[in-house]
Amino acid sequence: MITKFIRILSLIVLVLFQKQVIAQQTEIKYLSGKGKDDGVLWDFKVSAGMKAGVWSKIQVPSNWELQGFGNYNYGFDKKETISKEFGEYKHSFQVDKSWKGKVVNIVFEGSMTDTEVKINGKLAGAIHQGSFYVFKYDISNLLKYGQKNVLEVKVAKHSANTSVNAAEREADYWILGGIYRPVYLEYLPKSYISRISIDAKANGEFRSRILKEGQADELMVELFDQQGKPYGKSLKQIISVDSTWFNLQFDNPKLWSAEFPNRYTARFTLFNKGKVIHQQQQKFGFRTIEVKQRDGVYINGSKIKFKGVNRHSFHPESGRTTSEKISYHDVSLMKDMNMNAVRMAHYPPDNHFLEACDSLGLYVMNELAGWHGYYDTTVGSTLLKEMMLVSENYTSIIFWANGNEGGHNTELDYIFFDQDIQKRPLIHPWAVYGGFETTHYREYNYGIGSYDHGHNIVMPTEFLHGMFDGGHGAGLEDYWNAMWANPLSAGGFLWDFQDQGIVRKDKGDVIDTDGNHGADGIVGPYYEKEGSYYTIKEVWSPIFFEKREMTKEFEGNFRIENRYSFTNTKQCSFQYELRKLGEYGENLTNYKGDISSPDIKPYDWGQLKVDLPSNWYTYDVLYITAKDPFKNEIYTWSYPISLPERVTQKFLVKANSSTVNVTEDALFYTISANNIQYKFNKISGLLQEVQNSKGLLPLGNGPIIEKGVNNFKNFTLTRLEDKVIIESTFDRKSSYNTLRWEVFASGQLKMQVQYFPEAYFTRFVGVNFSFPESQLKGIEYMGRGPYRVWKNRMKGNKFDVWKKDYNDVATGEIPFKYPEFKGYHSNMYWAKFIMENQSFRVFTDREDVFLRLFTPKEQKDTNWKNMEPTFPSGDISFMNGISAIGTKTQKPTTTGPMGMDHVYYDFEKEPIRALHMVLYFDFSVN
């Protein structure tokens, strides 16, 4: 009975203690929504632009332009109306009578930009200047408890402080207005924990600095693991001042990294005379950052190369107002591209984005706002401390950045180190500072050369500036190969993640990127994936496969490199699939199996052994898929087994009849077989016309050589038992390019061209045919797809049979539909051209043939001349070599060796040294 009584008494005490603790935790009452999808209506009036001068309702949080108010302005917009535009908000709310006598703060997580707050007609405090920072006012003495309170907020789109405008409002992004992040009331006891700062090292050392307000005499810290179980011993100590330090040591903690984002929770409890008066919890991870000068950046003792991207807080329908769902979605997409880092461009993000980076695993560079201008020291000091206060305990933050591209107020540097007990490294983007060389958009030859001969850690905070289909994936493989090989390279950050295409309420909801200013993303406004998405995924794969060919002698061994920093490949999983490929959608045989994961340590090489069945060589393609320890796909690699010559044999038809009819006149050979009729020009040898039982097919005027001389001459016609041959005569001086046609009794046609490029340096080479674009409805093809390629962006596609419907989209413009139809496609084995009422097939027995489909339209406001995407003059082409593409800031030739023109030596016009193009045509396909 005594034991039972003690248990009941203990339970009662525990329940009372828990109730006491819950009562003393910080309480939150939202006055707005939490993000873009749950806004609360407030009264609102804007001074200029749409709906100017009229009180109505607006969702809070939001940017008012996206709600149909005011004016849209991009950062380069210098209209006078911008500086005069402001919005006025009104909102009523109540607070419980029980809150009286406590501390009540009103908290704004972000407002653009100068913000004046009144409660019941009285100022809550000084006007806050700065758009991207959490700020609060103690309004305890302004409230009417248990009654209606009136909140009035006046927000000026531009600041009265010129340095704030220079840092935030005159930048290369959309300049929006309004209370765009949540607003809430924060209820605290009179004595409370005001700040928690944690520094937890990989060796288990735990330090924390706790600031308090009011009366308290004891403070306790307890740690819990991810399952909520107590971790280590708690520590309770007497306090007598407002700042308290805890120093603890833990054994073998699970470490936080981008690969394994292990986290713990620290619970701090404030006591006064034995009574709990306040309690706060803070998640964190154990990890150590070390910068070794003239060497690199080390996390938990492992040297890191950052595979990063720049990211704005953005959604096309709500501007800078995002949501927790968007944050987790964005981080998941970045990790799916095998990125391990993100830079906040060019301001601190929503806190839920940092929470997503912490929980999913992504290294972060958090940035004090600045573009080509910077905050003055007075306002900058305030904003920097506000940024630090809310973000210092996110383990994912590896770097701080003081502004961007010359927007560095060096008088603020010391505050980063003073405020941050972790003493994280500080970066000046686009500058040499702190042992880092971060210059933006260096050309490959100049940049890599300079880096290789420099002494600083190389980490461009922006590189390969994307636009149209260039940058990002185009050039990345060359840059990354150089970065990976350079011990002083710490990787870098692509510009940028998402097209800044905003829905214009004043233009019928059209998506506007302000010309080419905002069209820089890897994904579209609604996360439409461009081809570069998959190129990045392959190039940045942490499992690297050394190149190898599939031959009969292949024994299943792949040499691979583990480019993880902390993951052993035995923690990953691997599968393979053998597949036979037929027509698109045809269900043919496949064979799947698991692969034993090899034991390869980070940064080591080893063998991946695939135990293939004995008949593996009868299949067309081998796929290998690698998955990370959390079963997320790293990448799927394609290895063609069948060469084009083998596939060609499937399409060649033996005719029952051996009849091939020939007629000729002064200009043409007309040859017919199996209800197919061809007309060839006797002088040039070009195919002029094709007809089948359904009528005229519009393919003709080919082959035209690009880039080369069309000097086919002296054609002869030879009749054989089952075919007719038309071929030109080789002459080293006057007709060194040769053309040969073979018309088979089946009606199929074979073309063979041997040719020499016209110049030593050549942008592209191949043969063209004319075909009216309006008559092509779609295409099916066997090759790598479904995205088009460039010479400097070949990776990221899968070898398979693909079907694409015709479209005329331009990358980065409405309708943001991918994959694009027009352009170059790689590793074509065969292609089926689909028209309204019939189709025809072209196939080849040659490897490495590119299919070119028309010329993509030139985008509006695109720096086309700089990017130099070039195409042959015809409509449909079959190419031996294709062009590269540049970026917004670089020509193709400066993005690396893959971006250079093709180099062809003078072959002395010997046929054996010519380029070859062999095509077969089947116009009986329906």
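Numbers below:
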item: Residue in the range 290-305 that is touching a strand residue (DSSP E or B) at 6+ places or on another chain (Cβ under 9 Å), modelled with pLDDT of 95 or more, buried (at least 23 other Cβ atoms within 10 Å of the Cβ) and farther than 19 Å from Gly435 by Cα present; result: no
item: Tally, over the range 550-567, of residues that are free of Cβ contacts under 8 Å to residues at least 24 places away in the same chain and β-branched (Val, Ile, Thr); result: 1
item: Yes/no for Ser194 being assigned by TED's automatic domain parsing to the domain that holds Ser62 and either buried (at least 23 other Cβ atoms within 10 Å of the Cβ) or closer than 20 Å to Gln279 by Cβ (or both); result: no
item: Pairs where the first residue, in the range 591-615, is in contact (Cβ under 8 Å) with a residue 40 or more places away in the chain and the second is of a type in the set (Asp, Glu) and surrounded by fewer than 14 Cβ atoms within 10 Å (Cβ to Cβ), C-beta under 8 Å, 6+ apart; result: Gly606/Asp599
item: Residue count, the range 543-595 (criterion: of a type in the set (D, E, K, R) and in contact with a helix residue (DSSP H, G or I) (Cβ under 6 Å, 6 or more places away or on another chain)); result: 1
item: Qualifying residue in the range 522-532 (condition: crowded, with 24+ Cβ neighbours inside 10 Å and part of a helix (DSSP H, G or I)); result: yes
item: Strands (runs of 3 or more DSSP E) enclosed by the range 780-899 - at least 1 residues per element that are over 23 Å from the mean Cα position of the chain (by Cα); result: 798-805, 830-834, 839-843, 850-853, 876-881
item: Residue match in the range 707-728 (condition: modelled with pLDDT of 95 or more, closer than 27 Å to Glu583 by Cα and not hydroxyl-bearing (Ser, Thr, Tyr)); result: no
item: Residue count, the range 616-668 (criterion: in a loop (DSSP other than H, G, I, E, B) and over 28 Å from Ile536 (Cα atoms)); result: 13
item: Filter pass, Ser541 being touching a strand residue (DSSP E or B) at 6+ places or on another chain (Cβ under 9 Å), of a type in the set (Gly, Ala, Ser), part of a helix (DSSP H, G or I) and touching a residue at least 60 places away in the same chain (Cβ under 8 Å); result: no
item: Of all residues in the range 770-815 being touching a Gly at 6+ places or on another chain (Cβ under 7 Å) and without any contact (Cβ under 8 Å) to a residue 40 or more places away in the chain, the one that is nearest to Pro644 (Cα to Cα); result: Lys804
item: So Ile543, is it closer than 24 Å to Ala490 by Cβ and crowded, with 17+ Cβ neighbours inside 10 Å; result: yes
item: Residue tally, condition under 17 Å from Ser32 (Cβ atoms), touching a residue at least 24 places away in the same chain (Cβ under 8 Å) and surrounded by 19 or more Cβ atoms within 10 Å (Cβ to Cβ), over the range 112-131; result: 5
item: Any pair with Cβ under 9 angstrom, 6 or more apart, that starts in the range 337-360 at a residue that is over 24 Å from Trp371 (Cα atoms) and outside the structural domain of Ser131 (by TED's automatic domain parsing) and ends at one that is part of a helix (DSSP H, G or I) and at pLDDT below 95; result: none
item: Test set (1) surrounded by fewer than 14 Cβ atoms within 10 Å (Cβ to Cβ); (2) over 26 Å from Thr589 (Cα atoms); (3) in contact with a strand residue (DSSP E or B) (Cβ under 7 Å, 6 or more places away or on another chain) - Pro613 fails condition number; result: (2)
item: Selection status of Ser746, surrounded by fewer than 20 Cβ atoms within 10 Å (Cβ to Cβ), over 21 Å from Leu915 (Cα atoms) and small (Gly, Ala, Ser); result: no
item: Cβ-Cβ under 6 Å pairs, at least 6 apart or on other chains, the range 141-170 side within 21 Å of Ser47 (Cα to Cα), far side among the aromatic types (Phe, Trp, Tyr); result: Val153/Tyr89; Ala156/Phe86
item: Candidate set from the range 452-476 (those that are outside any loop (DSSP other than H, G, I, E, B) and surrounded by 21 or more Cβ atoms within 10 Å (Cβ to Cβ)); member that is modelled with the lowest pLDDT; result: Met467
item: Which numbered condition Lys273 fails, given (1) on the phi > 0 side of the Ramachandran plot; (2) surrounded by 20 or more Cβ atoms within 10 Å (Cβ to Cβ); (3) over 38 Å from the mean Cα position of the chain (by Cα); (4) of a type outside the set (A, V, I, L, M, F, W, C); result: (2)
item: Selected residue (criterion: farthest from His453 (Cα to Cα)) from residues of the range 478-514 that are outside any loop (DSSP other than H, G, I, E, B) and in contact with a Leu (Cβ under 8 Å, 6 or more places away or on another chain); result: Lys505
item: Qualifying residue in the range 887-903 (condition: within 15 Å of Gly766 (Cα to Cα) and among the hydroxyl-bearing types (Ser, Thr, Tyr)); result: no
item: Of the criteria (1) among the small types (Gly, Ala, Ser); (2) surrounded by 14 or more Cβ atoms within 10 Å (Cβ to Cβ); (3) touching a residue at least 40 places away in the same chain (Cβ under 8 Å); (4) over 30 Å from Lys190 (Cα atoms), which one Ala266 fails; result: (4)
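Let's see how each residue does on (1) touching a strand residue (DSSP E or B) at 6+ places or on another chain (Cβ under 7 Å); (2) at pLDDT below 95; (3) closer than 30 Å to Asp499 by Cα:
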{"position": "Thr81", "(1), (2), (3)": "no, yes, yes"}
{"position": "Lys97", "(1), (2), (3)": "no, yes, no"}
{"position": "Asn120", "(1), (2), (3)": "yes, no, no"}
{"position": "Tyr137", "(1), (2), (3)": "yes, no, no"}
{"position": "Ala156", "(1), (2), (3)": "yes, no, yes"}
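Listed here are the residues, each with its yes/no results for (1) assigned to a loop (DSSP other than H, G, I, E, B); (2) within 22 Å of Ser111 (Cβ to Cβ); (3) modelled with pLDDT of 95 or more.
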site: Thr3; (1), (2), (3): no, no, no
site: Ile6; (1), (2), (3): no, no, no
site: Leu9; (1), (2), (3): no, no, no
site: Ile12; (1), (2), (3): no, no, no
site: Leu16; (1), (2), (3): no, no, no
site: Gly33; (1), (2), (3): yes, yes, yes
site: Asp38; (1), (2), (3): yes, yes, yes
site: Lys45; (1), (2), (3): no, yes, yes
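Here is a yes/no grid of residues against (1) touching a residue at least 60 places away in the same chain (Cβ under 8 Å); (2) surrounded by fewer than 21 Cβ atoms within 10 Å (Cβ to Cβ):
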| residue | (1), (2) |
| --- | --- |
| Met835 | yes, yes |
| Phe843 | yes, no |
| Thr855 | no, yes |
| Met867 | yes, no |
| Ser873 | yes, yes |
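The values are calculated or read from the model by the stated rules, or taken from the named source; none is laboratory data. In this text the structure is predicted, and so the values were computed from the model without any measurement. All Cβ positions, glycine included, derive from the backbone under ideal geometry; neighbour counts span all protein chains shown.
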